[in-house]
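S.K.: Sharing a structure with you now.
The values are calculated or read from the model by the stated rules, or taken from the named source; none is laboratory data. The structure displayed is predicted, hence computed values, not measured ones. Note: ideal-geometry Cβ built from the backbone for every residue, glycine included; neighbour counts use all protein chains shown. Heavy atoms of the whole protein, side chains included, go into the accessibility calculation; ligands, DNA and RNA do not. Shrake-Rupley method; radii C 1.70, N 1.55, O 1.52, S 1.80 Å.
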Amino acid sequence: MSTFTSGTLTGRELHLSFGTNHVLRGINLHVEKGSTASVIGPSGSGKSTLLRVLNRLIEPDSGDVLLDGRSVLKDNPDELRQRIGMVFQQFNLFPHKTVLDNVALAPRKLLKLSADQAREEALAQLELVGLKHKASARPANLSGGQQQRVAIARALAMRPEVMFFDEATSALDPELVKGVLGLMADLAGSGMTMVVVTHEMGFARNVSDTVTFMDAGVVVETGPPAQIFDNPTTPRLQDFLADVL
Amino acid sequence: MDLLDQLAETFFSWDAMVAIVPDLLTVGLPNTLLLAGASGVLGCVLGMILAVMGISRNPIMRWSARIYTDVFRGLPAVVTILLIGIGLGPVVRELTGSTNPYPLGIFALSLMAAAYIGEIFRSGIQSVESGQMEASRALGFSYGSSMRLVVVPQGIRRVLPALVNQFISLIKDSSLIYFLGLLASQREIFRVGNDAAGNTGNLSPLVAAAILYLILTIPLTHLVNFIDHRLRTGKPETTTAIEESPFAREGASS
């Protein structure tokens with residue numbers, strides 16, 4: 001993987017309500033520099049919302065978000081998000097642009113690279129995800145797995161300090177899941193700080209350094225994968241694991 | 001002369017039609033295209049502003065756009081053209097010294113077109129999946145940049161057929177500018193045909209004008225169908241789908 005400086009991300013006592021719906025009820029999450037945190041839990045437990053609060057796509061009602069120990073809630077949210085890459089369940093590539101332009105757009109406009117530099121950067125990132133040969137294709141002409149790898153390249157092209165994955169493989173056909181998970185594991189192994197919301201228990205167990213189990217807007221249990229999967233202490237986690245494993 | 005011959009002479013007198021063709025092509029056609037083209041461009045600019053206001057989170061912006069759209073979509077074209085073209089005449093004369101109603105005609109057409117085009121743009125922008133805005137914001141783009149670079153370009157593409165339809169309407173509505181009283185050199189297709197019909201007491205020149213309108217609008221109608229079809233089915237695929245991934249063996253199908 002290319003050179004990057006990864007950061008330490010902390011969420012403290014995060015609360016968020018949509019009307020009367022209390023989605024996050026005091027979430028604490030600490031992801032050490034260079035480590036990978038998996039967030040697991042049933043649908044509707046607030047996992048995806050947590051990611052969006054951590055990069056301020058949604059502003060929390062209360063609590064704090066720290067990057068390398070410094071609160072970022074008063075920063076310009078656009079500048080914060082330039083430091084945090086995000087990959088979505090539905091890929092969300094820009095369909096009106098070529099694969100190359102999808103990856104080059106943000107470096108060109110936000111990092112103010114020249115057209116040539118942005119192109120070089122984009123091609124380098126596409127090479128890392130194995131899709132340099134698709135640079136001139138449109139997203140619609142790629143398979144789901146290819147689209148998701150382009151989405152990862154697009155996020156990495158901004159040289160983020162942290163990467164978020166929001167159920168990045170949930171929309172993929174089963175035979176395409178492995179390639180994307182392999183890429184994510186490579187990225188984790190290269191020292192990127194990652195927060196991975198996932199239903200892939202194999203990935204959570206084998207790749208992540210910590211696993212956090214959320215349910216109904218609270219962190220029920222958190223710890224190393226071995227502890228979470230082999231010795232769950234709470235009935236709720238035991239029930240959840242019994243359902244998914 | 002029986003009735004059929006009389007009808008043919010009234011509507012399809014070859015000599016009368018041929019006689020008016022030079023005027024139709026050198027005076028009427030350029031003016032019609034200028035009126036429709038200029039008000040189409042101006043209408044698109046105003047329409048985009050209206051569309052962005054219409055989806056703004058600021059209720060004052062939203063309501064201003066709403067009221068404007070309701071008013072100008074609700075009025076007959078001829079009423080707008082007369083009110084703007086004649087009503088604003090003295091103001092323009094005061095400011096510029098010009099008594100030419102032609103620019104005011106373009107302005108009136110633009111204001112009307114903007115109301116329709118604004119709604120077309122708004123529906124196009126709102127049809128873009130919310131994930132597009134979210135992905136753009138997640139990269140670090142501001143709301144405005146995300147709109148400009150990601151959402152609006154996709155929205156416009158989807159409403160191209162409706163925009164061409166709007167341009168067809170403008171070609172037809174530009175005929176109403178004659179209400180403002182124009183110089184001989186400013187007459188558009190309808191007025192050229194109508195004048196000749198009035199002078200000769202024969203409707204054939206007007207039929208010639210009608211045929212010229214159809215020559216303009218029918219190809220555009222088919223252009224709409226073509227764009228519509230292309231947007232729904234996509235460009236014919238030419239790239240090959242060969243897979244070579246260092247990470248896994250993915251299927252080549254999408």
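S.K.: Over chain B, calculate the relative contact order: mean separation of alpha carbon pairs under 8 Å at least 6 apart, over the residue count, as a percent. Walk me through the numbers on the way to the answer.
M.R.: Numbers: 289 pairs, mean separation 72.7, N = 254.
About 29 percent, as a whole number.
S.K.: Now, a different point. I'd like the mean, over residues of A:130-137, of how many other protein chain beta carbons sit within 10 Å of each residue's own Cβ.
M.R.: Across the residues of A:130-137, the mean count of other-chain Cβ atoms within 10 Å is 3.
S.K.: Here's another thing I want to ask about it. By average Cβ neighbour count within 10 Å, what is the ranking of A:9-20, B:117-128 from highest down? Intermediate values should be presented prior to the final figure.
M.R.: Details: A:9-20: 16.0, B:117-128: 20.4.
The most tightly packed comes first, giving B:117-128, A:9-20.
S.K.: Determine the per residue accessible area of chain B with all protein chains present and a 1.4 angstrom probe, expressed in square angstrom.
M.R.: 53
S.K.: Continuing with the same structure: Explain nothing, just the number: dipole magnitude of chain A about its Cα centre with +1 on each Lys and Arg Cβ and -1 on each Asp and Glu Cβ, in debye rounded to the nearest 20.
M.R.: 760
S.K.: For region B:195-210, just list the computed ³J(HN,Hα) in residue order, Karplus coefficients 6.51, -1.76 and 1.60, θ = phi - 60°, integers in Hz, with x standing in for Gly and Pro.
M.R.: Listing the rounded values in order: 4, 5, 4, x, 5, 9, x, 10, 7, 4, x, 5, 5, 4, 4, 4 Hz.
S.K.: In Å², and per residue, what accessible area does region A:84-201 have when probed at 1.4 Å with the other protein chains present? Spell out each step's value before the answer.
M.R.: Details: 3770 Å² over 118 residues.
For region A:84-201, the per-residue accessible area is 32 Å².
S.K.: Hey, can you rank A:90-96, B:55-61 by average C-beta count inside 10 Å, highest first?
M.R.: Descending packing order for the listed peptides: A:90-96, B:55-61.
S.K.: Let me ask something additional. Classify region A:39-191: rounded, prolate or oblate, from the alpha-carbon gyration tensor (a ≥ b ≥ c, eigenvalue square roots; a/c under 1.5 rounded; otherwise prolate if a/b is larger than b/c)?
M.R.: oblate
S.K.: Ignore the peptide's own chain and count Cβ atoms of other chains within 10 Å of each Cβ in B:139-146; give me the average, rounded.
M.R.: Details: counts 16, 17, 7, 5, 1, 0, 4, 1.
Mean shielding by partner chains, rounded to a whole number: 6.
S.K.: Further question: So what's the back-of-envelope 222 nm ellipticity for chain B, counting only DSSP H runs of four-plus at -39500 (n - 2.57) apiece and dividing by all residues, rounded to 500?
M.R.: Helix contribution divided over all residues of chain B: -23500 deg cm²/dmol.
S.K.: Other chains near B:148-154: what is the mean number of their Cβ atoms within 10 Å of each residue's Cβ?
M.R.: Numbers: counts 1, 6, 6, 1, 0, 3, 4.
Per residue, the average neighbour count from other chains is 3.
S.K.: Take chain B, connect every pair of alpha-carbon atoms lying under 10 Å apart with a spring to form a Gaussian network, then pick out the residue of B:170, B:109, B:88 with the largest mean-square fluctuation.
M.R.: Comparing B:170, B:109, B:88 in the GNM, the peak value goes to B:88.
S.K.: Of A:191, A:5, A:37, which is farthest along the charge dipole of chain A in the positive direction, counting Lys and Arg as +1 and Asp and Glu as -1 at C-beta?
M.R.: Working it through, the farthest residue towards the positive pole turns out to be A:5.
S.K.: Probe radius 1.4 Å, ligands and nucleic acids left out: can you give me the accessible area buried at the B-A interface, summed over both chains, in Å² to the nearest hundred?
M.R.: 2900
S.K.: Give, rounded to the nearest 20 debye, the magnitude of the charge dipole that region B:1-146 has about its Cα centre when Lys and Arg contribute +1 at Cβ and Asp and Glu contribute -1 at Cβ.
M.R.: 1080
S.K.: Accessible area of the protein assembly as shown with a 1.4 Å probe: how many percent of it is carbon plus sulfur?
M.R.: Using a 1.4 Å probe with all protein chains present, the protein assembly as shown comes out at 58 percent carbon and sulfur.
S.K.: Select from A:113, A:123, A:131 the residue whose mean-square fluctuation is largest in a Gaussian network model of chain A (Cα-Cα springs shorter than 10 Å).
M.R.: A:113
S.K.: Further, regarding this structure: Which order do the peptides A:69-78, B:21-30 take when ranked by the mean count of other beta-carbon atoms within 10 Å per residue, highest first? Please report the intermediate quantities before stating the final value.
M.R.: Working: A:69-78: 13.2, B:21-30: 16.5.
Output ranking for A:69-78, B:21-30: B:21-30, A:69-78.
S.K.: May I pose another question? Taking the Cα centre as origin and putting +1 on Lys and Arg beta-carbons and -1 on Asp and Glu beta-carbons, what dipole magnitude results for the protein assembly as shown, to the nearest 20 debye?
M.R.: 840
S.K.: Sticking with this one: Using Cα pairs under 8 angstrom and six or more residues apart, how large is the relative contact order of chain A, in percent?
M.R.: 28 percent.
S.K.: Counting helices only, and only those DSSP H runs with n ≥ 4, report the 222 nm mean residue ellipticity of chain A as the sum of -39,500 (n - 2.57) divided by its residues, in deg cm²/dmol to the nearest 500. Don't skip to the end; give the middle numbers.
M.R.: Numbers: 9 runs with 90 residues, N = 245.
Calculated at 222 nm, the ellipticity per residue is -11000 deg cm²/dmol.
S.K.: Next question, about the same structure. Any number yet on Rg/Rh for the protein assembly as shown, C-alpha, Kirkwood?
M.R.: Rounded to two decimals, Rg over Rh is 1.15.
S.K.: Please label the shape of chain B as rounded, prolate or oblate, based on the square roots a ≥ b ≥ c of the eigenvalues of the alpha-carbon gyration tensor (a/c under 1.5 means rounded; beyond that, a/b larger than b/c means prolate, else oblate).
M.R.: oblate
S.K.: Step through the table entries A:74/A:178; A:112/A:134; A:74/A:109; A:47/A:178; A:33/A:178; A:74/A:132, compare each Cα-Cα distance with 31 Å, and write down the pairs that go over it.
M.R.: Values: A:74/A:178 39 Å; A:112/A:134 24 Å; A:74/A:109 23 Å; A:47/A:178 22 Å; A:33/A:178 25 Å; A:74/A:132 38 Å.
Table pairs above 31 Å Cα-Cα are A:74/A:178; A:74/A:132.
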